[in-house]
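Inspection log for the structure reproduced underneath, given as structure tokens.
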Amino acid sequence: MSELLIADSVSKDFGNFRALNKVSIAVPKGSIFGLLGPNGAGKTTLIRIINQITIPDEGKVLLDGRNLQPEHIRDIGYLPEERGLYKSMKVGEQALYLAQLKGMSKSDAKKQLKIWFDKFEIGDWWNKKIQELSKGQAQKIQFIVTVLHRPKLLIFDEPFSGFDPINANLIKDEILRLREDGATVIFSTHRMESVEELCDHIALIHKSNKILDGNLIDIKRQYKSNTFEVGLQSNDSKRVIEEIKSKFEVLPATFKNVYDDIKLNVKIKPGTSSNDLLSFLSSRAEVHHFVEVIPSANDIFIQTVQNN
Amino acid sequence: MNHLPLIIKREYLTKVKNKSFIIMTFLSPLIMIALIAVVAYLSQINNNKKRTISILDESGLFTSVFENTDNTTYKYINDIPLDKAKSDVKQEEYYGLLYIGKGDLESVSETVKFFSEDSPSLTIISGLENKIERKLRDLKLIANGLDTEQIKATKANVRIDQETFDGEKSSKIDNVLKLAFGGIAGYLLFMFIIIYGNMIMRSVIEEKTSRIIEIIISSVKPIQLMMGKIIGTSLAGITQFAIWIILLGILSTVLSVIFGIDLTASQTQQQEMVQQALQNSEIQNEITLAVQSFQNLPLTNLIIAFILFFVGGYLLYSSLYAAVGAAVDNETDTQQFMLPILMPLILAVYVGVFTVIEDPHGTVSTVFSFIPFTSPVVMLMRIPFGVPLWQQVVSLLLLVGTFTFTVWFAAKIYRVGILMYGKKPSYKSIIKWLKY
């Protein structure tokens, strides 16, 4: 898989403050790339550099193998975290203006806008002023404006903030559909459940440094600890627990199920098969629950940030 | 990608379509005209009141001094005591009674008194005083054996013909005309900068508070946005100014035709004086001279210089306004940055008004017509008096240089400032932004 965007040891200083320290990322074509990190880590600075709003002090950024240049503005659709629209301008006029700034012709922009407005069933908003819309409604317009010019690279900074669950879902589906149509998506968020759901790749930025990146599944594999969550039922639970403890490392577990079970986290030694554990357990008790503990993106996020 | 025309178009249209802009454009000339009309009308009513003034002249020296005018009738009464005269005048509801007691040329002036219901208007009293004084002077001259006609004949009217070494004629009226020209040009620029500079600043702040700025500058360069804003707003300003001038012209014509109110002369007293003066051949001479000197004005130079200095000065200041708008979050935070912008501007107007009148080519006015922050206003005021071309060119080059610098400087602040939220910036942090 080739990369659409490569940032090569990009640094940026604001006065004495180093906002980015030699950060490199590679965003594969057609992927959804999660750019994660706590507040103030430097995510927005990196995104602004990709959008040519800020110029990096060091390093370079390549889009489609070429150094970033003004024409690339057409190829990027950017939905910033701090977003808004001209309040007293009409929806249609405003969308046309922003589309034209992205290099679309007026007629093309009009045609595309009509398609999107029909899709979102908001055709009657055209002559409304933004100040007459609710925050969520205005966000829909912003989303349309971001993707209207069919950019190769879409950058969403906290795209779901301000949406109710129904509209958030609508937007999520649109993002997935755009990826299917060939767009690459960079996705910056704190909301780990949407990372879990959407992202193929992630990069974690903390205190201006990149501390983790790669394919999300690979990372999870790397972070898993061969621990299994088990729920057992037995007449002599005390003895069963003792037996397991003698052979494996055991921790208490909490999860919900309908049985009155013994709930444990059992860690097996590397190289041991999970089947060995399962047959060991099934020979001694009735197994209701047997799941490998895979770290969530959230766990990885917290663990990595705290370790740094 | 050049989006400048697109941005200019949007900025222009939003300004022009804005409701308060439209209301201001059409209402302010109406209000202005209405105000002037009301003042003119009221003072006309005030002056049109017919008055009768009785005169009791016991000295007999002033028999033919008081002649009736349109508004004032003089009634001589004779041979009745002062008390009777007073009660008569009161009964008749005349404006007042002028009493001149017995006395010779020396002592009569002490006896003059004016009786009236309310305290009389100043102009009327001084008018009466003038008339009496003049008559007394004439009488005294005669008493001393001098012929008043002869004295009138000796009166000379001197008007110094002014001419430059190159043979260019000028006159006092000429100077007044030049001052008016320069003053109007300078003042116009001053007003334009303040009104539309503020408008630019507000429009930058609006983009920040509505948080659209980041969406916009991911598509266009900040400097393009800033220039588009400045140019678009200026065009809206020019449109507004043009509508104002046209409306003012139309309205004042319509008003004076329909209501017969002469807006140019709000005081009849003055009108009379002007009319009297017009009959004077000397003044007529002066008017021909004024017309001449108008034609003598360096009009081409004036117009070209006006456009160049106007545009240069306006760009210089409006880029600073844009920078201030970018640096702050809301209008109340702008105060601390407005003073350094307004000061040179106000200084320029003061220097223009005080020193250019005194000596258009003196050291102070010359120096200030080179300093870029004051040069547009001061130079525009000086040019009607004839400024050597090299001075104009040097001043203009300095202006262009500085304005290039301020636009660069403003663009720097703009680029960083528009993405800064929540912090009230200090001068120190702004200096730091320049290095980002």
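Take peptide A:47-56, look around each residue's Cβ out to 10 angstrom, count Cβ atoms belonging to other protein chains, and average those counts. Intermediate values should be presented prior to the final figure.
Working: counts 2, 4, 0, 1, 4, 4, 9, 4, 2, 0.
Taking all residues of A:47-56 together, the mean is 3.
Past 26 Å, Cα to Cα, is the threshold; run A:Lys129/A:Lys152; A:Lys43/A:Lys220; A:Lys106/B:Lys17; A:Lys29/A:Lys110; A:Lys12/B:Lys208; A:Lys87/B:Lys432 against it and keep the listed order. Don't skip to the end; give the middle numbers.
Working: A:Lys129/A:Lys152 30 Å; A:Lys43/A:Lys220 22 Å; A:Lys106/B:Lys17 21 Å; A:Lys29/A:Lys110 29 Å; A:Lys12/B:Lys208 23 Å; A:Lys87/B:Lys432 32 Å.
Those over the limit are A:Lys129/A:Lys152; A:Lys29/A:Lys110; A:Lys87/B:Lys432.
Straight distance only, please: which aspartates and glutamates reach the Cα of A:Lys111 with their own Cα at less than 16 Å, same-chain residues fewer than 8 apart left out?
Partners within reach: A:Glu93, A:Glu121, A:Asp124.
Given the peptides A:138-149, A:198-209, arrange them by the average over their residues of other C-beta atoms within 10 Å, most packed first. List each step's numbers first, then the result.
Values: A:138-149: 22.3, A:198-209: 20.8.
Ranked from most to least packed, the peptides come out as A:138-149, A:198-209.
In the structure shown, do any of A:Lys238/A:Lys263; B:Lys49/B:Lys90; A:Lys119/B:Lys15 have a Cα-Cα gap over 22 Å, and if so which?
Values: A:Lys238/A:Lys263 12 Å; B:Lys49/B:Lys90 18 Å; A:Lys119/B:Lys15 33 Å.
Too far apart for the 22 Å limit: A:Lys119/B:Lys15.
P(r) for the protein assembly as shown, please, calculated from all Cα pair distances in 10 Å bins and given in %.
The calculated distribution, bin by bin, is 2, 10, 14, 15, 13, 11, 9, 7, 6, 5, 4, 2, 1, 1, 0, 0.
For peptide A:95-103, how many partner chain Cβ atoms fall within 10 Å of a residue's Cβ, on average? Mind dumping the intermediate values first?
Numbers: counts 0, 1, 9, 4, 1, 6, 13, 5, 3.
Across A:95-103, the average partner-chain Cβ count within 10 Å equals 5.
Calculate how many DSSP beta bridges within the protein assembly as shown are antiparallel, expressed in % of all such bridges and rounded to the nearest 5. If you can, show how the numbers build up before the last one.
On the way: 44 of 72 bridges.
Percent antiparallel among DSSP bridges in the protein assembly as shown is about 60.
Using the Cα centre as the reference, give the magnitude of the dipole from point charges on the C-beta atoms of the stretch B:51-147 (Lys, Arg: +1; Asp, Glu: -1; all else neutral), rounded to the nearest 20 debye. Show your work: numbers first, answer last.
Details: 12 positive and 18 negative charges, 13 e Å.
So the magnitude is around 60 debye.
Please give the peptides A:92-104, A:279-291, A:226-238 ranked by average Cβ packing (other Cβ atoms within 10 Å per residue), highest first, as a rough proxy for protection. Don't skip to the end; give the middle numbers.
On the way: A:92-104: 21.0, A:279-291: 14.9, A:226-238: 16.5.
Sorting A:92-104, A:279-291, A:226-238 by mean packing, highest first, produces A:92-104, A:226-238, A:279-291.
Suppose we keep just the DSSP beta bridges with both residues in chain B; what percent of those would be antiparallel, to 5?
Details: 6 of 17 bridges.
Looking only at bridges with both residues in chain B, the antiparallel portion is about 35 percent.
Give a residue-ordered list of calculated ³J(HN,Hα) values for the stretch B:69-77 (Karplus: 6.51 cos²θ - 1.76 cosθ + 1.60, θ = phi - 60°; whole Hz; x for Gly, Pro).
Once rounded to whole Hz, the list reads 10, 4, 9, 10, 10, 9, 10, 7, 10.
Of all GluC sites (Glu not before Pro) in the stretch A:105-178, which ones are in loop regions per DSSP and have a Cβ with at most 12 other Cβ atoms within 10 Å?
Working: sites: A:Glu121, A:Glu132, A:Glu174; in loops: A:Glu121.
Those that pass, being in a loop and sparsely packed, are A:Glu121.
Can you tell me the dipole magnitude for the stretch A:1-72 around its Cα centre, using point charges on the Cβ only (Lys, Arg +1; Asp, Glu -1), in Debye to the nearest 20? Could you put the intermediate results ahead of the total?
Details: 8 positive and 7 negative charges, 33 e Å.
Roughly 160 debye, rounded to the nearest 20.
For the protein assembly as shown, with all protein chains present and a 1.4 Å probe, just round the carbon and sulfur fraction of the accessible area to a whole percent. Intermediate results must be reported in sequence, preceding the final value.
Numbers: 22300 of 38780 Å².
Accessible surface attributable to carbon and sulfur in the protein assembly as shown totals 58 percent.
What does the net charge come to around B:Thr72 if you take all other residues with beta carbon closer than 9 Å to its beta carbon, with K and R at +1 and D and E at -1? Walk me through the numbers on the way to the answer.
Values: positive: B:Lys50, B:Arg51; negative: B:Asp70.
The answer is +1.
Once both labels are modelled 7 Å past Cα along the beta-carbon direction, what's the B:Ile357-A:Glu3 spacing in nm?
With each label placed 7 Å out from Cα toward Cβ, I get 7.2 nm.
Distance from the Cα centre of the stretch A:203-264 to that of the stretch A:154-179, in angstrom?
One Cα centre to the other: 32 Å.
Do any trypsin sites (Lys or Arg not before Pro) in the stretch B:353-434 lie in a loop, going by DSSP, with at most 11 other beta-carbon atoms within 10 Å of their beta carbon, and if so which?
Details: sites: B:Arg382, B:Lys412, B:Arg415, B:Lys423, B:Lys428, B:Lys432; in loops: B:Lys423.
Within the stretch B:353-434, the qualifying trypsin sites (Lys or Arg not before Pro) (loop, at most 11 other Cβ atoms within 10 Å) are B:Lys423.
Could you work out the relative contact order of chain A, using alpha carbon pairs under 8 angstrom and six or more residues apart, expressed as a whole percent?
On the way: 510 pairs, mean separation 62.7, N = 308.
Computed over chain A, the figure is 20 percent.
How large is the charge dipole for chain B, taken about the Cα centre, if only the Cβ atoms of Lys, Arg (+1) and Asp, Glu (-1) carry charge, to the nearest 20 debye? Numbers along the way, then the final one.
Details: 38 positive and 37 negative charges, 580 e Å.
For this selection, approximately 2780 debye.
For the stretch A:225-292, report the convex hull volume of the alpha-carbon atoms normalised per residue, in Å³, without decimals. Mind showing how you got there, number by number?
Working: hull volume 5.3 nm³, N = 68.
Spread over its residues, the Cα hull of the stretch A:225-292 gives 77 Å³ apiece.
Taking accessible area as the heavy-atom solvent-accessible surface of the protein chains with a 1.4 Å probe, which residues of the stretch A:1-26 lose no less than 20 Å² upon going from the isolated chain to the full protein assembly?
Relative to the lone chain, where solvent access is computed with a 1.4 Å probe, the stretch A:1-26 loses at least 20 Å² at A:Phe14, A:Gly15.
Looking at the square roots a ≥ b ≥ c of the eigenvalues of the Cα gyration tensor of the stretch A:131-170, which shape do they give, rounded for a/c under 1.5, prolate if a/b is larger than b/c, or oblate?
oblate
Could you check which residue among B:Gln150, B:Gln391, B:Gln240 shows the biggest mean-square fluctuation in a GNM of chain B with a 10 Å Cα cutoff?
B:Gln150
Using the charge dipole of the protein assembly as shown (Lys, Arg: +1 at Cβ; Asp, Glu: -1 at Cβ; taken about the Cα centre), state which of A:His289, B:Leu61, A:His72 has its Cα farthest towards the positive end.
A:His289
Name the residue farthest towards the positive end of the dipole of the protein assembly as shown from the options B:Ser369, B:Thr123, B:Gly145, assuming +1 on Cβ of Lys and Arg, -1 on Cβ of Asp and Glu, about the Cα centre.
My answer, from the dipole projection, is B:Ser369.
So if I take the centroid of the Cα atoms in the stretch B:364-378 and the same for the stretch B:62-139, what is the distance between those two points in Å?
56 Å
Of all DSSP beta bridges in chain A, what percent run antiparallel (nearest 5)?
On the way: 38 of 55 bridges.
The antiparallel fraction comes to roughly 70 percent.
Could you report chain B's accessible area per residue, 1.4 Å probe, as an integer in Å²?
Details: 24140 Å² over 436 residues.
I get 55 Å² per residue for chain B.
Is there a simple number for the mean count of other chain Cβ atoms within 10 Å of the Cβ of residues in A:74-83, and what is it? Write down the numbers at each step before the final one.
On the way: counts 2, 0, 2, 1, 5, 3, 8, 2, 8, 6.
The per-residue average across the peptide is 4.
Which trypsin sites (Lys or Arg not before Pro) from the stretch B:132-241 combine a DSSP loop assignment with at most 11 other Cβ atoms within 10 Å?
Within the stretch B:132-241, the qualifying trypsin sites (Lys or Arg not before Pro) (loop, at most 11 other Cβ atoms within 10 Å) are B:Lys155.
Using packing as a proxy for protection, rank B:69-80, A:178-189, A:34-45, A:14-25 so that the peptide with the highest average count of other Cβ atoms within 10 Å comes first.
Values: B:69-80: 12.9, A:178-189: 18.6, A:34-45: 21.0, A:14-25: 16.4.
Most protected by this proxy first, the peptides run A:34-45, A:178-189, A:14-25, B:69-80.
Looking at A:Gly123, A:Phe187, A:Phe301, which one has the Cα that reaches farthest to the positive end of the dipole of chain A (charges on Cβ: Lys, Arg +1; Asp, Glu -1)?
Farthest along the dipole direction, towards plus: A:Gly123.
Excluding the sites themselves, what is the longest stretch of chain B that contains no GluC sites (Glu not before Pro) in a DSSP loop with at most 14 other C-beta atoms within 10 Å?
Answer from the scan: B:169-436.
The values are calculated or read from the model by the stated rules, or taken from the named source; none is laboratory data. Just so you know, these numbers come straight off a predicted model, no measurement behind them. As a convention, Cβ positions derive from the backbone with ideal geometry for all residues, glycine included, and neighbour counts pool all protein chains shown. Side chains are part of the model used for accessible areas, which takes the heavy atoms of the whole protein and leaves out ligands, DNA and RNA. Shrake-Rupley method; radii C 1.70, N 1.55, O 1.52, S 1.80 Å.
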